[in-house]
Amino acid sequence: MNNIPDLMTMLCGAKVKDKETWEKYRREEILMLLREYAFGIRDIERPEGLKFELKNERVEYGMRVKELEGGFGSYAFPFRLYLPEKSESKVPVIIYVAHENMERSFEFDENGNMRSEKTESDLPLKYITDRGYGVAFMPTHGITPDWHFKTNFTQGVFSIVKPAGGRKDNSWATLSAWAWGVSRVVDYLETDEDVDEKRIAVTGHSRSGKAALWAGVEDTRILLTIPNNTGCMGAALLRGKRGEHLKEINISDWFCGNCHKYNDNEDIYPIDMHMLLAAAAPRYLYITGSEEDEWADPDAEFRAARLASAAYELYGVKGLCAPESGAVTGEVYNEGRIAFHVKPGDHSMTMYDWENVIDYFDGIEIE
(Lines give C-alpha, C1' and ligand atoms only; values in the text may rest on other atoms or scores of the structure.)
Protein backbone atom coordinates (compact mmCIF):
# COMPACT_ATOMS: atom_id res chain seq x y z
CA MET A 1 0.00 0.00 0.00
CA ASN A 2 2.04 2.94 -1.28
CA ASN A 3 -0.36 5.56 0.03
CA ILE A 4 0.08 4.66 3.70
CA PRO A 5 1.51 7.81 5.35
CA ASP A 6 5.20 7.32 5.98
CA LEU A 7 5.80 7.26 9.72
CA MET A 8 9.24 8.82 9.54
CA THR A 9 8.50 11.63 7.08
CA MET A 10 7.47 14.92 8.66
CA LEU A 11 4.92 17.25 7.12
CA CYS A 12 7.72 19.42 5.77
CA GLY A 13 9.21 16.40 3.96
CA ALA A 14 12.21 15.98 6.24
CA LYS A 15 13.08 12.51 7.53
CA VAL A 16 13.16 11.54 11.20
CA LYS A 17 16.52 10.03 12.06
CA ASP A 18 16.67 10.16 15.85
CA LYS A 19 14.43 10.09 18.92
CA GLU A 20 14.98 13.78 19.63
CA THR A 21 13.44 14.77 16.29
CA TRP A 22 10.69 12.20 16.83
CA GLU A 23 9.78 13.55 20.27
CA LYS A 24 10.09 17.26 19.50
CA TYR A 25 8.50 17.31 16.05
CA ARG A 26 7.09 14.15 14.49
CA ARG A 27 5.20 12.78 17.51
CA GLU A 28 3.67 16.20 18.07
CA GLU A 29 2.64 16.35 14.41
CA ILE A 30 1.01 12.95 14.67
CA LEU A 31 -0.90 13.90 17.81
CA MET A 32 -2.07 17.08 16.09
CA LEU A 33 -3.28 15.12 13.05
CA LEU A 34 -5.06 12.56 15.23
CA ARG A 35 -6.86 15.32 17.13
CA GLU A 36 -7.75 17.28 14.01
CA TYR A 37 -8.92 14.39 11.83
CA ALA A 38 -9.97 11.60 14.22
CA PHE A 39 -10.68 12.18 17.89
CA GLY A 40 -11.18 15.94 17.95
CA ILE A 41 -9.65 18.72 20.01
CA ARG A 42 -10.76 18.84 23.63
CA ASP A 43 -12.01 21.99 25.30
CA ILE A 44 -10.66 20.89 28.66
CA GLU A 45 -8.09 18.57 30.19
CA ARG A 46 -7.78 18.42 33.98
CA PRO A 47 -10.43 20.84 35.19
CA GLU A 48 -10.03 23.25 38.07
CA GLY A 49 -11.82 22.03 41.14
CA LEU A 50 -11.60 18.34 40.20
CA LYS A 51 -12.46 16.30 43.29
CA PHE A 52 -12.83 12.64 44.16
CA GLU A 53 -15.05 11.16 46.84
CA LEU A 54 -15.01 7.67 48.33
CA LYS A 55 -18.71 6.76 48.48
CA ASN A 56 -18.37 3.26 49.89
CA GLU A 57 -15.74 0.67 50.71
CA ARG A 58 -16.39 -3.02 51.29
CA VAL A 59 -15.02 -6.53 50.86
CA GLU A 60 -16.76 -8.56 48.17
CA TYR A 61 -15.76 -11.94 46.71
CA GLY A 62 -12.48 -11.67 48.60
CA MET A 63 -11.66 -8.28 47.03
CA ARG A 64 -11.60 -4.79 48.45
CA VAL A 65 -14.02 -2.61 46.50
CA LYS A 66 -13.97 1.17 46.54
CA GLU A 67 -16.99 2.98 45.10
CA LEU A 68 -15.72 6.34 43.88
CA GLU A 69 -17.02 9.49 42.29
CA GLY A 70 -15.04 12.12 40.46
CA GLY A 71 -16.28 15.46 39.31
CA PHE A 72 -16.14 19.23 39.11
CA GLY A 73 -18.83 21.87 39.20
CA SER A 74 -22.23 20.22 38.71
CA TYR A 75 -20.80 17.21 36.84
CA ALA A 76 -19.84 13.87 38.42
CA PHE A 77 -19.00 10.39 37.16
CA PRO A 78 -18.75 7.07 39.01
CA PHE A 79 -16.06 4.38 38.88
CA ARG A 80 -15.00 1.45 41.04
CA LEU A 81 -11.61 0.22 42.17
CA TYR A 82 -11.17 -3.51 42.86
CA LEU A 83 -8.08 -4.42 44.88
CA PRO A 84 -6.62 -7.58 46.43
CA GLU A 85 -8.14 -8.05 49.88
CA LYS A 86 -4.66 -8.05 51.36
CA SER A 87 -1.46 -6.70 49.89
CA GLU A 88 1.90 -5.96 51.47
CA SER A 89 2.78 -3.31 48.88
CA LYS A 90 1.20 -0.92 46.43
CA VAL A 91 -0.44 -2.68 43.51
CA PRO A 92 -0.40 -1.93 39.78
CA VAL A 93 -3.81 -1.09 38.33
CA ILE A 94 -5.49 -1.79 35.01
CA ILE A 95 -8.18 0.72 34.04
CA TYR A 96 -11.04 -1.08 32.28
CA VAL A 97 -13.13 1.11 29.98
CA ALA A 98 -16.63 -0.42 30.00
CA HIS A 99 -18.98 0.70 27.25
CA GLU A 100 -22.68 0.40 27.97
CA ASN A 101 -23.36 -2.88 26.17
CA MET A 102 -20.55 -4.54 28.11
CA GLU A 103 -21.56 -3.03 31.43
CA ARG A 104 -25.19 -4.10 31.06
CA SER A 105 -24.34 -7.65 30.04
CA PHE A 106 -21.69 -8.42 32.69
CA GLU A 107 -22.72 -10.58 35.64
CA PHE A 108 -20.65 -11.85 38.56
CA ASP A 109 -20.14 -15.58 38.79
CA GLU A 110 -19.74 -17.41 42.08
CA ASN A 111 -15.97 -16.76 42.08
CA GLY A 112 -16.16 -12.99 41.74
CA ASN A 113 -15.36 -12.83 38.05
CA MET A 114 -17.53 -10.93 35.58
CA ARG A 115 -18.88 -12.81 32.60
CA SER A 116 -20.93 -11.75 29.61
CA GLU A 117 -22.82 -14.53 27.88
CA LYS A 118 -24.09 -12.02 25.33
CA THR A 119 -20.62 -11.06 24.11
CA GLU A 120 -18.67 -14.19 25.15
CA SER A 121 -16.31 -11.93 27.08
CA ASP A 122 -14.76 -12.03 30.54
CA LEU A 123 -13.61 -9.50 33.10
CA PRO A 124 -12.01 -11.88 35.60
CA LEU A 125 -11.75 -9.47 38.52
CA LYS A 126 -10.97 -12.10 41.15
CA TYR A 127 -8.36 -13.71 38.91
CA ILE A 128 -6.70 -10.32 38.27
CA THR A 129 -6.68 -9.28 41.92
CA ASP A 130 -5.39 -12.71 42.94
CA ARG A 131 -2.48 -12.05 40.54
CA GLY A 132 -1.69 -8.92 42.58
CA TYR A 133 -3.33 -6.26 40.40
CA GLY A 134 -6.12 -3.78 40.87
CA VAL A 135 -8.85 -3.00 38.34
CA ALA A 136 -10.39 0.46 37.98
CA PHE A 137 -13.77 -0.17 36.34
CA MET A 138 -14.85 2.97 34.44
CA PRO A 139 -18.37 2.91 32.95
CA THR A 140 -18.47 5.13 29.89
CA HIS A 141 -22.08 6.23 30.43
CA GLY A 142 -20.92 8.44 33.29
CA ILE A 143 -18.54 10.28 30.97
CA THR A 144 -20.98 10.62 28.09
CA PRO A 145 -23.61 8.22 26.73
CA ASP A 146 -22.88 6.05 23.71
CA TRP A 147 -23.99 7.08 20.23
CA HIS A 148 -27.28 5.17 20.27
CA PHE A 149 -28.72 7.93 22.46
CA LYS A 150 -28.08 10.63 19.81
CA THR A 151 -27.45 13.24 22.50
CA ASN A 152 -25.76 15.75 20.21
CA PHE A 153 -23.02 16.19 22.81
CA THR A 154 -25.29 17.61 25.51
CA GLN A 155 -24.95 14.97 28.24
CA GLY A 156 -22.19 13.90 30.60
CA VAL A 157 -19.07 16.01 30.47
CA PHE A 158 -20.44 17.77 27.38
CA SER A 159 -23.27 19.16 29.52
CA ILE A 160 -20.84 21.34 31.44
CA VAL A 161 -17.98 21.84 28.98
CA LYS A 162 -19.21 23.68 25.91
CA PRO A 163 -17.00 25.11 23.16
CA ALA A 164 -17.05 28.86 22.69
CA GLY A 165 -18.94 29.62 19.50
CA GLY A 166 -20.43 26.13 19.22
CA ARG A 167 -19.09 22.81 18.02
CA LYS A 168 -16.78 22.64 15.03
CA ASP A 169 -15.68 19.85 12.69
CA ASN A 170 -12.58 19.31 14.86
CA SER A 171 -14.38 19.39 18.23
CA TRP A 172 -13.83 16.41 20.51
CA ALA A 173 -16.27 13.54 20.16
CA THR A 174 -17.40 10.57 22.23
CA LEU A 175 -14.27 8.40 22.23
CA SER A 176 -12.09 11.36 23.13
CA ALA A 177 -14.44 12.09 26.03
CA TRP A 178 -14.08 8.51 27.25
CA ALA A 179 -10.31 8.82 26.96
CA TRP A 180 -10.54 12.08 28.92
CA GLY A 181 -12.34 10.10 31.62
CA VAL A 182 -9.50 7.58 31.72
CA SER A 183 -7.04 10.38 32.44
CA ARG A 184 -9.23 11.64 35.26
CA VAL A 185 -9.20 8.12 36.75
CA VAL A 186 -5.40 8.25 36.50
CA ASP A 187 -5.55 11.56 38.40
CA TYR A 188 -7.31 9.70 41.20
CA LEU A 189 -5.03 6.66 41.12
CA GLU A 190 -2.02 8.91 41.66
CA THR A 191 -3.52 9.89 45.02
CA ASP A 192 -4.51 6.42 46.28
CA GLU A 193 -2.01 4.99 48.76
CA ASP A 194 -2.91 1.44 47.72
CA VAL A 195 -1.87 2.04 44.09
CA ASP A 196 1.53 1.89 42.40
CA GLU A 197 1.09 4.99 40.26
CA LYS A 198 4.09 4.09 38.09
CA ARG A 199 2.42 0.87 36.92
CA ILE A 200 -0.90 1.89 35.44
CA ALA A 201 -2.39 0.21 32.36
CA VAL A 202 -5.58 0.78 30.38
CA THR A 203 -7.67 -1.61 28.34
CA GLY A 204 -11.04 -1.96 26.69
CA HIS A 205 -12.82 -4.13 24.19
CA SER A 206 -14.01 -2.98 20.74
CA ARG A 207 -15.06 0.69 20.85
CA SER A 208 -13.95 0.91 24.48
CA GLY A 209 -10.58 -0.38 23.30
CA LYS A 210 -10.36 2.44 20.76
CA ALA A 211 -10.90 4.95 23.57
CA ALA A 212 -8.39 3.10 25.77
CA LEU A 213 -5.84 3.24 22.96
CA TRP A 214 -6.25 6.99 22.51
CA ALA A 215 -6.02 7.50 26.28
CA GLY A 216 -2.88 5.39 26.53
CA VAL A 217 -1.23 7.22 23.66
CA GLU A 218 -2.00 10.72 24.90
CA ASP A 219 -1.46 10.20 28.63
CA THR A 220 2.19 9.37 29.19
CA ARG A 221 1.49 8.38 32.81
CA ILE A 222 0.01 5.15 31.42
CA LEU A 223 2.72 2.50 31.17
CA LEU A 224 0.87 -0.22 29.24
CA THR A 225 -2.02 0.10 26.77
CA ILE A 226 -4.03 -2.98 25.79
CA PRO A 227 -6.40 -2.45 22.84
CA ASN A 228 -8.57 -5.55 22.40
CA ASN A 229 -10.28 -6.27 19.05
CA THR A 230 -10.24 -2.55 18.20
CA GLY A 231 -9.98 -2.77 14.41
CA CYS A 232 -11.10 0.25 12.38
CA MET A 233 -9.82 3.53 13.87
CA GLY A 234 -8.20 1.47 16.62
CA ALA A 235 -5.10 -0.69 16.16
CA ALA A 236 -5.77 -1.71 12.53
CA LEU A 237 -4.55 -0.06 9.36
CA LEU A 238 -7.43 1.47 7.43
CA ARG A 239 -5.78 1.04 4.06
CA GLY A 240 -6.12 -2.51 2.84
CA LYS A 241 -8.15 -3.83 5.78
CA ARG A 242 -11.14 -6.15 5.69
CA GLY A 243 -14.47 -5.47 7.34
CA GLU A 244 -15.31 -2.11 8.86
CA HIS A 245 -14.17 1.17 7.29
CA LEU A 246 -14.85 4.85 7.91
CA LYS A 247 -18.24 4.91 6.20
CA GLU A 248 -19.48 2.11 8.47
CA ILE A 249 -18.00 3.37 11.72
CA ASN A 250 -19.09 6.96 11.15
CA ILE A 251 -22.76 6.20 11.59
CA SER A 252 -21.76 6.90 15.22
CA ASP A 253 -20.58 10.05 16.97
CA TRP A 254 -17.36 8.44 18.14
CA PHE A 255 -15.11 10.56 15.93
CA CYS A 256 -15.00 14.23 15.04
CA GLY A 257 -16.68 15.82 12.04
CA ASN A 258 -13.47 15.98 10.03
CA CYS A 259 -13.21 12.20 10.17
CA HIS A 260 -16.63 11.86 8.55
CA LYS A 261 -15.47 13.87 5.55
CA TYR A 262 -13.21 10.99 4.49
CA ASN A 263 -15.87 8.26 4.48
CA ASP A 264 -15.38 7.68 0.76
CA ASN A 265 -11.83 8.97 0.52
CA GLU A 266 -9.72 6.85 2.86
CA ASP A 267 -6.83 6.82 0.41
CA ILE A 268 -6.25 10.54 1.06
CA TYR A 269 -7.01 10.47 4.80
CA PRO A 270 -4.07 12.31 6.41
CA ILE A 271 -3.52 9.56 8.99
CA ASP A 272 -3.52 5.82 9.45
CA MET A 273 -3.44 3.83 12.65
CA HIS A 274 0.22 2.80 12.64
CA MET A 275 0.77 6.47 13.50
CA LEU A 276 -1.51 6.14 16.52
CA LEU A 277 0.36 3.07 17.76
CA ALA A 278 3.75 4.67 17.16
CA ALA A 279 2.86 7.70 19.27
CA ALA A 280 2.88 5.42 22.34
CA ALA A 281 6.63 4.77 21.96
CA PRO A 282 8.66 3.94 23.95
CA ARG A 283 5.94 2.82 26.36
CA TYR A 284 4.28 -0.59 26.14
CA LEU A 285 1.46 -1.87 23.92
CA TYR A 286 -0.24 -5.26 23.92
CA ILE A 287 -2.55 -5.64 20.92
CA THR A 288 -4.98 -8.54 21.07
CA GLY A 289 -7.17 -9.84 18.26
CA SER A 290 -9.46 -12.76 17.39
CA GLU A 291 -9.05 -15.07 14.41
CA GLU A 292 -12.67 -14.95 13.22
CA ASP A 293 -13.09 -11.21 13.77
CA GLU A 294 -12.77 -10.11 10.15
CA TRP A 295 -14.75 -6.93 10.91
CA ALA A 296 -11.86 -5.73 13.10
CA ASP A 297 -9.26 -7.60 10.98
CA PRO A 298 -6.35 -8.83 13.13
CA ASP A 299 -4.14 -9.01 10.02
CA ALA A 300 -4.51 -5.24 9.60
CA GLU A 301 -3.69 -4.80 13.29
CA PHE A 302 -0.56 -6.88 12.79
CA ARG A 303 0.55 -4.76 9.83
CA ALA A 304 0.02 -1.57 11.81
CA ALA A 305 2.08 -2.92 14.70
CA ARG A 306 4.94 -3.83 12.37
CA LEU A 307 4.99 -0.33 10.88
CA ALA A 308 4.78 1.32 14.30
CA SER A 309 7.86 -0.56 15.47
CA ALA A 310 10.11 1.93 13.67
CA ALA A 311 9.33 4.51 16.38
CA TYR A 312 10.46 2.11 19.10
CA GLU A 313 13.70 1.41 17.28
CA LEU A 314 14.60 5.10 17.59
CA TYR A 315 14.84 4.47 21.34
CA GLY A 316 17.05 1.42 20.92
CA VAL A 317 14.29 -0.99 21.95
CA LYS A 318 12.31 -3.59 20.04
CA GLY A 319 8.75 -2.98 18.91
CA LEU A 320 6.92 -6.03 17.55
CA CYS A 321 9.03 -9.18 17.40
CA ALA A 322 7.13 -11.46 15.03
CA PRO A 323 7.57 -13.10 11.61
CA GLU A 324 6.96 -10.90 8.59
CA SER A 325 4.51 -13.49 7.27
CA GLY A 326 2.02 -12.63 10.02
CA ALA A 327 0.78 -13.81 13.39
CA VAL A 328 -0.05 -17.47 13.99
CA THR A 329 -3.27 -18.00 15.94
CA GLY A 330 -2.50 -19.10 19.47
CA GLU A 331 1.10 -17.84 19.39
CA VAL A 332 2.10 -14.99 21.72
CA TYR A 333 4.65 -12.44 20.50
CA ASN A 334 5.81 -10.65 23.62
CA GLU A 335 9.56 -10.10 23.32
CA GLY A 336 9.28 -6.41 22.40
CA ARG A 337 7.48 -3.37 23.67
CA ILE A 338 4.66 -4.11 21.26
CA ALA A 339 3.21 -7.48 22.24
CA PHE A 340 0.66 -9.16 20.01
CA HIS A 341 -1.52 -12.23 19.82
CA VAL A 342 -4.49 -13.58 17.90
CA LYS A 343 -6.70 -16.06 19.73
CA PRO A 344 -9.25 -18.50 18.29
CA GLY A 345 -12.83 -17.29 18.18
CA ASP A 346 -14.68 -14.12 17.30
CA HIS A 347 -15.05 -10.58 18.69
CA SER A 348 -14.41 -10.96 22.44
CA MET A 349 -12.04 -10.48 25.37
CA THR A 350 -11.53 -13.77 27.18
CA MET A 351 -9.38 -15.44 29.82
CA TYR A 352 -6.84 -16.24 27.11
CA ASP A 353 -6.32 -12.52 26.61
CA TRP A 354 -6.18 -11.73 30.31
CA GLU A 355 -3.76 -14.49 31.24
CA ASN A 356 -1.26 -13.43 28.59
CA VAL A 357 -1.67 -9.72 29.30
CA ILE A 358 -1.01 -10.23 33.03
CA ASP A 359 2.01 -12.40 32.25
CA TYR A 360 3.37 -9.61 30.05
CA PHE A 361 2.65 -6.92 32.66
CA ASP A 362 4.48 -9.03 35.25
CA GLY A 363 7.62 -8.86 33.11
CA ILE A 364 7.71 -5.08 32.63
CA GLU A 365 10.49 -3.50 34.63
CA ILE A 366 10.39 0.19 35.52
CA GLU A 367 13.57 1.89 34.36
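The values are calculated or read from the model by the stated rules, or taken from the named source; none is laboratory data. Everything numeric in this text was worked out from a predicted model, so none of it was measured. In this analysis, Cβ positions are derived from the backbone assuming ideal geometry, glycine residues included, and neighbour counts consider all displayed protein chains. Just so you know, the surface numbers come from the protein's heavy atoms only, side chains and all, with ligands and any DNA or RNA stripped out. Shrake-Rupley method; radii C 1.70, N 1.55, O 1.52, S 1.80 Å.
If you average the sequence gap of Cα pairs under 8 Å that are 6 or more apart and divide by the length of the stretch 258-318, what percent do you get for the contact order?
Normalised by residue count, the contact order of the stretch 258-318 is 39 percent.
Keeping all protein chains in place and using 1.4 angstrom, which order do Glu88, Glu301 fall into by accessible surface area, from largest down?
The ordering from most to least exposed comes out as Glu88, Glu301.
For the chain, what is the accessible area per residue in Å² when the probe is 1.4 Å?
Solvent-accessible surface per residue comes out at 40 Å².
Using 0.36 nm per residue, how much length does the chain from Val59 to Ile44 gain when fully extended, once their Cα-Cα distance is taken away?
1.8 nm
Given a 1.4 Å probe and heavy atoms of the protein chains only, how would you sort Ser159, Ser325, largest accessible area at the top?
Ser325, Ser159
If you average the sequence gap of Cα pairs under 8 Å that are 6 or more apart and divide by the length of the stretch 77-209, what percent do you get for the contact order?
Across the stretch 77-209, relative contact order equals 36 percent.
What does the accessible area of Ile271 come to, in Å² to the nearest 10, when a probe of 1.4 Å is used?
That residue has around 0 Å² of solvent-accessible surface.
Using DSSP to call loops (not H, G, I, E or B), can you name the trypsin sites (Lys or Arg not before Pro) in the stretch 1-76 whose Cβ has at most 16 other Cβ atoms within 10 angstrom?
Loop-located and lightly packed - Lys17.
What residues qualify as long-range amide H neighbours of Gly134, i.e. H under 5 Å apart, gap of 5 or more or another chain, H built at 1.01 Å from N?
Distant-sequence amide H within range of Gly134: Val93, Ile94.
Roughly what would the spin-label model give for Thr9 and Ile251, points 7 Å off Cα along C-beta, in nm?
3.6
I need the Debye-formula profile for the chain: one equal scatterer per C-alpha, no solvent, reported as log10 I(q)/I(0) at q = 0.11, 0.15 1/Å, two decimals.
So the normalised log intensities work out to -0.71, -1.40.
Only helices at least 20 Å long along their own axis, judged from Cα atoms, and with Kyte-Doolittle mean hydropathy of -1.0 or greater: name those in the chain from DSSP H. Please list the in-between numbers first.
Numbers: long enough: 174-189 (23 Å, 0.62); 298-313 (23 Å, -0.36).
What comes out of the filter, once short or polar helices are dropped, is 174-189, 298-313.
Once amide H atoms are built 1.01 Å from N in the peptide plane, which residues 5 or more positions from Ile287, or in another chain, come under 5 Å H to H?
Amide H neighbours of Ile287: Ala339, Phe340, His341.
Where the accessible area of the chain is counted over protein heavy atoms with a 1.4 Å probe, how much of it, in %, is carbon and sulfur?
About 46 percent, which is the carbon plus sulfur part of the accessible surface.
As a test of the formula, what do you get for the chain when each DSSP H run with n ≥ 4 contributes -39,500 (n - 2.57) and the sum is divided by the residue count, at 222 nm and rounded to the nearest 500 deg cm²/dmol?
Calculated mean residue ellipticity at 222 nm is -7000 deg cm²/dmol.
Residue separation times 0.36 nm, minus the C-alpha to C-alpha distance between Gln155 and Asp362: what's the value?
Answer, rounded to one decimal: 70.7 nm.
From largest accessible area down, sort Met10, Met351, Met32; use a 1.4 Å probe on the protein chains.
Result, largest first: Met32, Met351, Met10.
For the chain, calculate the relative contact order in percent as a whole number, restricting contacts to Cα pairs under 8 Å that are 6 or more residues apart.
Normalised by residue count, the contact order of the chain is 16 percent.
Within the stretch 309-340, list the GluC sites (Glu not before Pro) lying in a DSSP loop whose Cβ has at most 10 other Cβ atoms in a 10 Å radius.
Glu324
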